[in-house]
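Novice: Handing you a structure now.
The values are calculated or read from the model by the stated rules, or taken from the named source; none is laboratory data. For clarity, every value in this text was computed on a predicted model and none was experimentally measured. Cβ sites come from the backbone with ideal geometry, for glycine too, and all protein chains shown count toward neighbours. To get the accessible areas, we keep the full protein, side chains included, count just its heavy atoms, and leave off ligands, DNA and RNA. Shrake-Rupley method; radii C 1.70, N 1.55, O 1.52, S 1.80 Å.
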Amino acid sequence: MIAKTGEVTVDGVKVEFGQGETLLDVSNRLGRHVPTLCHDERLAPAGACRTCLVEVEGVRRMVPACRTPASDGQKVTTANERIDKHRRLLLGLYLTDHPAGRSDCEDGAPCELHAMAANYEAPTDWTPIPLTRAGRSEDVNPYIQFREDRCIACARCTRYCDEVEGVNAITLAGRGAATTISTVDSEGLFDTTCELCGGCVAVCPTGAMAEKMPLTAGAPPERELQKVRTTCNYCGVGCQMDLNVDTQASDGKGQVVKITSPPPGTPPSDGNLCVKGRFAYDFVDHPDRLKVPLIRREDGELHEASWEEALEFAAKGLLRVQQDHGKDALAFVSSSRCTAEENYLVQKMARVAFGTNNVHQCAAT
Amino acid sequence: MAGLVATFGAGAMTNSIGEIRDADLLFVIGSNTTEAHPIIGMEMKQAVKRGAKLIVADPRSIWLSTIANWHLKLKPGTDVWLLNAMANVILTEGLVDEEFIAQNTEGFEALPEVLAKYTPEEAERVTGVPAAEIRETALEYAKTRKAAICYTLGITEHSHGTDNVYALSNLVLMTGHLGDASMGLNPLRGQNNVQGANDTGATPIFYPGYQRVDDPEVQAKYEDAWGVPLSPEPGLNLNEMMKETGKSIRGLFVMGEDIVISEPNVSRLEEGLNKVDFLVLQDIFPNETTRFADVIFPAACFAEKDGVFVNSERRMQRVRKAVEPPGQARADWEILLDLARAAGASFKHEGPRDIFAEMARHAPKFAGISYERIEELGHGIQWPCSDDDSAGTTYLHEGGILRGKGLFEPVEYRPSKELADDEYPLVLSTGRTLYHYNAATQTRRAAGLPVKQPEAYIELHPRDAGRRSIEDGDWVDVLTRRGKIRCRALISKQVQRGCIWMPFHFGEARANLLTVDEGDEVTGTAEYKVCAAEVRRVTSELAPKGEGQEAFYPGSYYRE
């Protein structure tokens, strides 16, 4: 944080703030959980969802905490009867054109709106409003679908596309209750500047931007999946990601059915992923995977073998080359795709078991 | 890598990825960052949004060049001319950081004489970049303190790749843009664990932690640790191994690489593989190389094993097992332990945790890193991290350059090994796209990526296409002295006239049948970025049938 520029009082607690901090930033730092639906720390504040309204002493109307700069001497209240009533009614209104049952709504990603509504005991029995938001069901891209019935027009997705990914592929379109997420001329994402990073899916609070990958579509809801934090296996950025595992699938061996990103602020990738990281994981379960050791027998063909036989065959074959042609007639190509431990073992094996420094990883520069 | 070890004392990004957004100037050379490193590309976009200046040097137009303040569209392989001319301007204008040079560097005296002939005007003639732009960008770079250079394989995949790195090092050292946040020299790593493979000693000249195999003290340390006599002779590098395959190399073990797709001049390599006595492969999929193998071990993929990947910014991060491998496949580390034991070695390891611990114990740069500390600190640990009190290093060279003194290595331009001529008048470069990864063993098996980018293509400038009566989407043959492949033509101004570009991901149109295997003298890295080529339209009766035009989505920014 940059130098302190003043002091505000939040719910009776005095707290210093720095240059550029908003009331939301200060409240969060204090652990006062002001609810938000349109906020993401990677994005400029929009003040669109109105759930973060708070009271500032001397100001008649409530103000959005996310886009109100902290200023010296402010006295802020983040929760009281008036604020809670506002949030309850607002969330009740949001629910009138949203899938009614929480478990129906959360068939894929969890729904922040339903969670928040439950938290504030918002009314769920108001007469539903017919949906006027247009969808784009004709979009044939294989990854990302827009489920218009779940959209609350918070514009996290369009702002992410603009401010973080920087490609401006999707945009808010229409007015009033018909406001929707669209593209230029409602084209499919393949025909736009979209790079299929899936950031829109990651930032969406309600599952309106959703994955349509076959594995994900057939999987249990995200809340039933086990998340395993790991490092992406493609380029050298080392993005952090959560493998979402259906532990019951594949006869209990488990199956990766989705990849989600960690929260913003997580190094080194700030919660971002690219098209490969987020979507190119179904190779894991591909039927082409090698599943059994193979050795080339006297007929010149590859045949299945036991591990014991294959390991012995391999060790003998390499040792025979060493005997016939010397230690430096062997070469070991290690892999920049494998782990540090595995690269360590390849060089140790080359040097210790076979006596040569002819070892190099595949991506030497 | 070797270039940076020589000049700075560490072969890695000097800065962290998160510092890029705070830079005031980014000089991106030989890196199509938004496609090859999309998330670092996002950081660069943030910097530009904040007001940072962006200089892109690349023979092709790329996404980043569309938002750059300057796009230095140099001819392939002329980087040394461009960089030396920038250094010449900085010197002539008196913008060198004399204090930094005096305190932190050596060898500066030799630089001015070498640079003298690299004037911007002469550089314009060779590189095609206007002298005025060379001047402007050199001044801008020299005058901006938080200036970071990022480069990738466009710099290193040349027969003079190390020279290119030296030329960049010289720019950094003469301006003193080193040793603080958001300034420095950053090679962006192409693979998830290139950095880690180098770090852990999978190189012919280093044990783990960049300790030389020909250093007697180091040799003694590892002989003691491992309990066997070790060879003090540096081994062959990858490029040499591939060239010697079938000659002095008679047996190979290859883990996780499809060498006959990824290595250059593969028809020669295939001849060599036919002659070797024994080839062991270890991989997750059958690939183009499996037809030469005597044994194939089925391995687990990243989701099926524990371990550590080291990213481009030296961050050692955990990989965690989420699911079981298919069939009888096993983690590479398990297979390696058993293979080493079957060959008579006594490897007493239980698993990744204690393998890592042994690696770190004997390498001072990593001595403070362990699985326990990675968990404890939460977000991986960036080396150097020499003891348990250190939280790692976000940017290098803070309290002085790791080498002791930064070394100026003046370089003269050397042309690429194969230049365009009458018979092969075009210059071919190869590269990666956003939608595929290397040999595409994974991405072409993913549900959606092949739809977005289903087949191989070659980018061709409209003028070059017109002279050959080639239209967009036509089938063409791409020819070099080493081979011929067939793919589709993408007519695009993304490439400059006289240059063609193609991705190397596609097994049915292997770009590496075309490339030269002449390597850099220091690293052995092959010149994937420059060779002479010709393109010919394939008559319609010979063209492959069945694919529809509508599936052709190569994703060019400059389609006609």
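Novice: Looking at segment B:49-78 only, could you name the residues that are part of a helix (DSSP H, G or I) and open to solvent by 10 Å² or more (accessible area, probe 1.4 Å)?
Specialist: Start the filter on segment B:49-78 by keeping residues that are part of a helix (DSSP H, G or I), which leaves B:49-50, B:64-66.
Once the filter is applied, which keeps residues that are part of a helix (DSSP H, G or I) and open to solvent by 10 Å² or more (accessible area, probe 1.4 Å), segment B:49-78 yields B:LYS49, B:ARG50, B:SER65, B:THR66.
Novice: Looking at segment A:48-161, what strands (runs of 3 or more DSSP E) fall wholly within it and have at least 2 residues that are within 26 Å of A:ILE181 (Cα to Cα) and open to solvent by 20 Å² or more (accessible area, probe 1.4 Å)?
Specialist: Working: elements: A:53-56, A:75-77, A:144-146.
Qualifying strands (runs of 3 or more DSSP E): A:144-146.
Novice: Checking the conditions here, which among A:LYS276, A:LYS327 is in contact with a Phe, Trp or Tyr (Cβ under 8 Å, 6 or more places away or on another chain), among the basic types (Lys, Arg) and crowded, with 23+ Cβ neighbours inside 10 Å? Walk me through it before giving the result.
Specialist: Values: A:LYS327 fails: crowded, with 23+ Cβ neighbours inside 10 Å.
Of A:LYS276, A:LYS327, the one residue that is in contact with a Phe, Trp or Tyr (Cβ under 8 Å, 6 or more places away or on another chain), among the basic types (Lys, Arg) and crowded, with 23+ Cβ neighbours inside 10 Å is A:LYS276.
Novice: Quick test of your reading of the structure: A:LEU215 fulfils all but one of (1) more than 7 Å from chain B (Cβ to nearest Cβ); (2) out of contact with any helix residue (DSSP H, G or I) (no Cβ under 6 Å at 6 or more places or on another chain). Name the failing condition by number.
Specialist: Only one criterion in (1) more than 7 Å from chain B (Cβ to nearest Cβ); (2) out of contact with any helix residue (DSSP H, G or I) (no Cβ under 6 Å at 6 or more places or on another chain) is unmet by A:LEU215, namely (2).
Novice: Right, here's the next one. Among the numbered criteria (1) at the interface with chain B (Cβ under 7 Å from one of its Cβ atoms); (2) more than 21 Å from B:PHE285 (Cα to Cα), which one does A:ALA363 miss?
Specialist: (2)
Novice: Could you tell me which residue of segment A:309-333 is farthest from B:GLU233 (Cα to Cα), considering only residues that are of a type in the set (Gly, Ala, Ser) and at the interface with chain B (Cβ under 7 Å from one of its Cβ atoms)?
Specialist: First pass over segment A:309-333, keeping only residues of a type in the set (Gly, Ala, Ser): A:310, A:314-315, A:317, A:326, A:329, A:331.
Subset that is at the interface with chain B (Cβ under 7 Å from one of its Cβ atoms): A:310, A:314-315, A:317, A:329, A:331.
Working: A:ALA310: 31, A:ALA314: 25, A:ALA315: 23, A:GLY317: 24, A:ALA329: 14, A:ALA331: 14 Å.
If we take residues in segment A:309-333 being of a type in the set (Gly, Ala, Ser) and at the interface with chain B (Cβ under 7 Å from one of its Cβ atoms), then A:ALA310 is farthest from B:GLU233 (Cα to Cα).
Novice: A further question on this structure: For B:ARG403, which of the numbered conditions (1) crowded, with 19+ Cβ neighbours inside 10 Å; (2) at pLDDT below 95 fails to hold?
Specialist: (1)
Novice: Within segment B:17-30, is even one residue in contact with a Gly (Cβ under 6 Å, 6 or more places away or on another chain), part of a loop (DSSP other than H, G, I, E, B) and within 14 Å of another protein chain (Cβ to nearest Cβ)? It would help to see each step written out before you state the result.
Specialist: Start the filter on segment B:17-30 by keeping residues that are in contact with a Gly (Cβ under 6 Å, 6 or more places away or on another chain), which leaves B:30.
Retained after the next criterion (residues that are part of a loop (DSSP other than H, G, I, E, B)): B:30.
Filter again for within 14 Å of another protein chain (Cβ to nearest Cβ), leaving B:30.
Within segment B:17-30, one or more residues are in contact with a Gly (Cβ under 6 Å, 6 or more places away or on another chain), part of a loop (DSSP other than H, G, I, E, B) and within 14 Å of another protein chain (Cβ to nearest Cβ).
Novice: May I ask you to say which residue of A:THR230, A:THR206 is closer than 29 Å to A:GLN255 by Cβ, within 13 Å of another protein chain (Cβ to nearest Cβ) and touching a Lys or Arg at 6+ places or on another chain (Cβ under 8 Å)?
Specialist: On the way: A:THR206 fails: within 13 Å of another protein chain (Cβ to nearest Cβ).
Among A:THR230, A:THR206, only A:THR230 is closer than 29 Å to A:GLN255 by Cβ, within 13 Å of another protein chain (Cβ to nearest Cβ) and touching a Lys or Arg at 6+ places or on another chain (Cβ under 8 Å).
Novice: Looking only at segment B:1-16, count every residue that is in a helix (DSSP H, G or I) and in contact with a Phe, Trp or Tyr (Cβ under 9 Å, 6 or more places away or on another chain) and tell me the total. Explain how you work it out, then say what you get.
Specialist: Residues of segment B:1-16 that are in a helix (DSSP H, G or I), as a first pass: B:2-7.
Among the residues that remain, those that are also in contact with a Phe, Trp or Tyr (Cβ under 9 Å, 6 or more places away or on another chain) are: B:3, B:5-7.
Looking only at that region, the number is 4.
Novice: Can you confirm whether B:ASP294 is over 30 Å from B:ASN186 (Cα atoms), touching a Phe, Trp or Tyr at 6+ places or on another chain (Cβ under 7 Å) and open to solvent by 10 Å² or more (accessible area, probe 1.4 Å)?
Specialist: Considered against the rule, which asks whether it is over 30 Å from B:ASN186 (Cα atoms), touching a Phe, Trp or Tyr at 6+ places or on another chain (Cβ under 7 Å) and open to solvent by 10 Å² or more (accessible area, probe 1.4 Å), B:ASP294 comes out as yes.
Novice: Check A:ALA340 against each of (1) under 19 Å from B:TYR210 (Cβ atoms); (2) more than 7 Å from chain B (Cβ to nearest Cβ) and name the one condition it does not meet.
Specialist: In the conditions (1) under 19 Å from B:TYR210 (Cβ atoms); (2) more than 7 Å from chain B (Cβ to nearest Cβ), A:ALA340 misses (2) alone.
Novice: Tell me yes or no: at least one residue of segment A:260-271 is open to solvent by less than 10 Å² (accessible area, probe 1.4 Å) and either at pLDDT below 95 or outside the structural domain of A:ASP242 (by TED's automatic domain parsing) (or both).
Specialist: No, because not a single residue in segment A:260-271 is open to solvent by less than 10 Å² (accessible area, probe 1.4 Å) and either at pLDDT below 95 or outside the structural domain of A:ASP242 (by TED's automatic domain parsing) (or both).
A quick yes/no check of all residues on (1) part of a loop (DSSP other than H, G, I, E, B); (2) of a type in the set (Phe, Trp, Tyr); (3) buried (at least 18 other Cβ atoms within 10 Å of the Cβ):
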residue: A:ALA210; (1), (2), (3): no, no, yes
residue: A:PRO220; (1), (2), (3): yes, no, no
residue: A:LYS227; (1), (2), (3): no, no, no
residue: A:THR230; (1), (2), (3): no, no, yes
residue: A:VAL245; (1), (2), (3): no, no, yes
residue: A:GLN248; (1), (2), (3): yes, no, no
residue: A:ASP251; (1), (2), (3): no, no, no
residue: A:VAL257; (1), (2), (3): no, no, yes
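Novice: Strands (runs of 3 or more DSSP E) wholly in segment B:469-543 with at least 3 residues that are open to solvent by less than 20 Å² (accessible area, probe 1.4 Å), under 18 Å from B:GLY154 (Cα atoms) and not charged (D, E, K, R) - which ones? Even if it seems obvious, please write down each step before you answer.
Specialist: Working: elements: B:475-480, B:483-491, B:499-503, B:531-537.
Here the list reads B:499-503.
Novice: Count, please, the residues in segment A:275-308 that happen to be under 23 Å from B:LYS452 (Cα atoms), at the interface with chain B (Cβ under 7 Å from one of its Cβ atoms) and either in contact (Cβ under 8 Å) with a residue 12 or more places away in the chain or outside any loop (DSSP other than H, G, I, E, B) (or both).
Specialist: Qualifying residue count, segment A:275-308: 7.
Novice: Working carefully through the options B:GLU263, B:GLU257, find the one that is open to solvent by less than 20 Å² (accessible area, probe 1.4 Å), over 25 Å from B:PHE356 (Cα atoms), under 23 Å from the mean Cα position of the chain (by Cα) and within 10 Å of chain A (Cβ to nearest Cβ). Even if it seems obvious, please write down each step before you answer.
Specialist: Values: B:GLU257 fails: over 25 Å from B:PHE356 (Cα atoms).
Criteria check complete, one pass: B:GLU263.
Novice: Considering only residues of segment B:329-380 that are outside any helix (DSSP H, G or I) and more than 11 Å from chain A (Cβ to nearest Cβ), which is least open to solvent (accessible area, probe 1.4 Å)? Working first, answer last.
Specialist: Initial filter on segment B:329-380 (outside any helix (DSSP H, G or I)): B:329-331, B:343-351, B:362-363, B:367-370, B:378-380.
Next cut, more than 11 Å from chain A (Cβ to nearest Cβ) only: B:348, B:350, B:367-368, B:370.
Numbers: B:LYS348: 170, B:GLU350: 163, B:ALA367: 46, B:GLY368: 1, B:SER370: 30 Å².
Across segment B:329-380, the extreme among qualifying residues is B:GLY368.
Novice: Moving on. Any chance segment B:142-155 includes a residue that's modelled with pLDDT under 95 and open to solvent by less than 10 Å² (accessible area, probe 1.4 Å)? First the steps, then the outcome.
Specialist: Residues of segment B:142-155 modelled with pLDDT under 95: B:152-155.
Okay, now just the ones that are also open to solvent by less than 10 Å² (accessible area, probe 1.4 Å), so B:155.
Taking every residue of segment B:142-155 in turn, at least one turns out to be modelled with pLDDT under 95 and open to solvent by less than 10 Å² (accessible area, probe 1.4 Å).
Novice: Another question about this same structure. For segment B:35-48, indicate whether the set of residues that are touching a Gly at 6+ places or on another chain (Cβ under 6 Å), more than 16 Å from B:ALA147 (Cβ to Cβ), among the charged types (D, E, K, R) and not in a loop (DSSP other than H, G, I, E, B) is non-empty.
Specialist: yes
Novice: Evaluate segment A:319-328: report whether one residue or more is touching a Gly at 6+ places or on another chain (Cβ under 7 Å) and on the phi < 0 side of the Ramachandran plot.
Specialist: So in segment A:319-328, the residues touching a Gly at 6+ places or on another chain (Cβ under 7 Å) come out as A:321, A:327.
Filter again for on the phi < 0 side of the Ramachandran plot, leaving A:321, A:327.
Scanning segment A:319-328 turns up at least one residue that is touching a Gly at 6+ places or on another chain (Cβ under 7 Å) and on the phi < 0 side of the Ramachandran plot.
Novice: Looking at (1) within 7 Å of chain A (Cβ to nearest Cβ); (2) open to solvent by less than 30 Å² (accessible area, probe 1.4 Å), can you tell me which one B:ARG320 breaks?
Specialist: (2)
Novice: Something else now. Name the residue, out of A:THR96, A:THR78, that is in contact with a helix residue (DSSP H, G or I) (Cβ under 9 Å, 6 or more places away or on another chain) and of a type in the set (S, T, N, Q). Working first, answer last.
Specialist: Values: A:THR96 fails: in contact with a helix residue (DSSP H, G or I) (Cβ under 9 Å, 6 or more places away or on another chain).
Criteria check complete, one pass: A:THR78.
Novice: In segment B:176-197, which residues are closer than 15 Å to B:LEU4 by Cα, more than 7 Å from chain A (Cβ to nearest Cβ) and not in a loop (DSSP other than H, G, I, E, B)?
Specialist: B:GLY184, B:LEU185, B:ASN186, B:PRO187
Novice: Within segment B:100-110, can one find any residue that is assigned to a loop (DSSP other than H, G, I, E, B) and over 26 Å from B:LEU64 (Cβ atoms)? So that I can check it myself, show each step before the final result.
Specialist: Step one: list which residues in segment B:100-110 are assigned to a loop (DSSP other than H, G, I, E, B), which gives B:107.
Imposing the further condition that a residue be over 26 Å from B:LEU64 (Cβ atoms) reduces the set to B:107.
Yes.
Novice: Test B:GLU140 against the stated conditions and say whether it is within 24 Å of B:GLY431 (Cβ to Cβ), touching a residue at least 12 places away in the same chain (Cβ under 8 Å) and out of contact with any helix residue (DSSP H, G or I) (no Cβ under 9 Å at 6 or more places or on another chain). Quick ask: steps written out before the conclusion?
Specialist: On the way: within 24 Å of B:GLY431 (Cβ to Cβ): no; touching a residue at least 12 places away in the same chain (Cβ under 8 Å): yes; out of contact with any helix residue (DSSP H, G or I) (no Cβ under 9 Å at 6 or more places or on another chain): yes.
Criteria not met by B:GLU140.
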